[in-house]
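Heads up, the thing below is written out as structure tokens.
The values are calculated or read from the model by the stated rules, or taken from the named source; none is laboratory data. If you're wondering where the values come from, they're calculated on a predicted model, not measured in any experiment. Please note: Cβ atoms are built from the backbone with ideal geometry, for glycine as well, and neighbour counts cover all protein chains shown. Ligands, DNA and RNA are excluded from the accessible area calculation, which covers all protein heavy atoms including side chains. Shrake-Rupley method; radii C 1.70, N 1.55, O 1.52, S 1.80 Å.
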Amino acid sequence: MNLDALFALDCGMYLICSEFAGKMNGMVVNALVQVTAFPPQVVVSVNKESLTWELIEKSQSFTISVLDKDTPLQLIGLFGFFSGREKDKFSQVRYMRGKTGLPIVTDHALAYLEARVISSLDAGTHQIFLGEVIETDFLQKGPEPMTYGYYRDIKGGRVPRTAATYHEELEEEKKERYRCQVCGYIYDSQFGDPDSGIQPGTPFDKLPSDWVCPICGASKDKFEKIG
Ligand code: FE
């Protein structure tokens, strides 16, 4: 079985947020899709170890922010690689409150939706929520949404082991690249790290000594050469 083939199932990059009893949190998800139009409903797969899952279970509602293509890795890292049990993610982003009263991250959000949970399905490590969309709108017009394929292939981003789309890299390409041993982010000199001001074509050993992983903040010595 070649699990790399599953990368052909491209999907988006979203922030899912919820709140219960004054505690709010959010995380990155990519396993989300609209499944019916009348009424509009979506399904989303959420890891059961996450604080966000706990908040959705209790509040039975969630919001989704659709990330645009220009979303910096730092924002994806904050919501994708840190637990809300250790970090107050909302102190570092702009957000608004919608019809449900739940927080909706507006930084780099192309569109948003708010949903109430209609049903859910146990999927082992994850729980799949069916949500009826009760509000949705654009937050900006123009930029394209970020796809998971773009995040992986162009931005060099990876997902944590807890993500619904995670699997071990079966085949690494031969190019000279460096992998963050903390989060899996891959620095490819061909692309540089524009979100941190590093131009494409900058070799890893020419990165400033205070450069850190754009996703998890690990220092240069946490990187290993791959390929
Ligand atoms: Fe990292």
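For this structure, a couple of remarks:
- Only one entry in Leu78, Leu73, Leu102, Leu67 is buried (at least 21 other Cβ atoms within 10 Å of the Cβ), among the aliphatic types (A, V, I, L, M) and farther than 23 Å from Val159 by Cβ, namely Leu102.
- The residues listed here are Lys23, Lys87, Lys58, Lys99; of these, the one that is closer than 21 Å to Pro160 by Cβ and of a type in the set (Lys, Arg) is Lys87.
Condition check ((1) of a type in the set (Lys, Arg); (2) farther than 30 Å from Ala37 by Cα; (3) touching a Lys or Arg at 6+ places or on another chain (Cβ under 8 Å)) across all residues:
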{"residue": "Ile134", "(1), (2), (3)": "no, no, yes"}
{"residue": "Asp153", "(1), (2), (3)": "no, yes, no"}
{"residue": "Arg158", "(1), (2), (3)": "yes, yes, yes"}
{"residue": "Thr202", "(1), (2), (3)": "no, yes, no"}
{"residue": "Ser219", "(1), (2), (3)": "no, yes, no"}
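- Any hit, the stretch 157-172, residues being farther than 30 Å from Lys58 by Cβ, open to solvent by 40 Å² or more (accessible area, probe 1.4 Å) and within 16 Å of the ligand (Cβ to nearest atom): yes
- For the stretch 80-106, a residue qualifies if it is under 18 Å from the mean Cα position of the chain (by Cα) and of a type in the set (D, E, K, R), and the qualifying residues are Arg85, Glu86, Lys87, Asp88, Lys89, Arg94.
- Test: residue in the stretch 129-149 that is within 16 Å of the ligand (Cβ to nearest atom) and open to solvent by less than 20 Å² (accessible area, probe 1.4 Å): no
- Near pairs, Cβ below 6 angstrom, 6+ apart or cross-chain, from the stretch 198-224 (closer than 18 Å to Gly80 by Cβ and among the β-branched types (Val, Ile, Thr)) to any residue that is open to solvent by 30 Å² or more (accessible area, probe 1.4 Å) and within 12 Å of the ligand (Cβ to nearest atom): Val212/Ser219; Ile215/Phe81
- Considering the stretch 50-69, and only residues there that are touching a Pro at 6+ places or on another chain (Cβ under 9 Å) and not in a loop (DSSP other than H, G, I, E, B), the residue that is farthest from Lys99 (Cα to Cα) turns out to be Asp68.
- Within the stretch 23-63, being over 28 Å from Arg152 (Cβ atoms) and either modelled with pLDDT under 95 or β-branched (Val, Ile, Thr) (or both) holds for one residue alone: Thr36.
- Pair list, Cβ < 7 Å and 6+ apart or interchain, from the stretch 100-129 residues that are without any contact (Cβ under 8 Å) to a residue 24 or more places away in the chain to residues that are of a type in the set (Phe, Trp, Tyr) and surrounded by 21 or more Cβ atoms within 10 Å (Cβ to Cβ): Ser120/Phe129
- Here Ile76, Ile134 are screened, and the one residue that is touching a strand residue (DSSP E or B) at 6+ places or on another chain (Cβ under 7 Å) and in contact (Cβ under 8 Å) with a residue 60 or more places away in the chain is Ile76.
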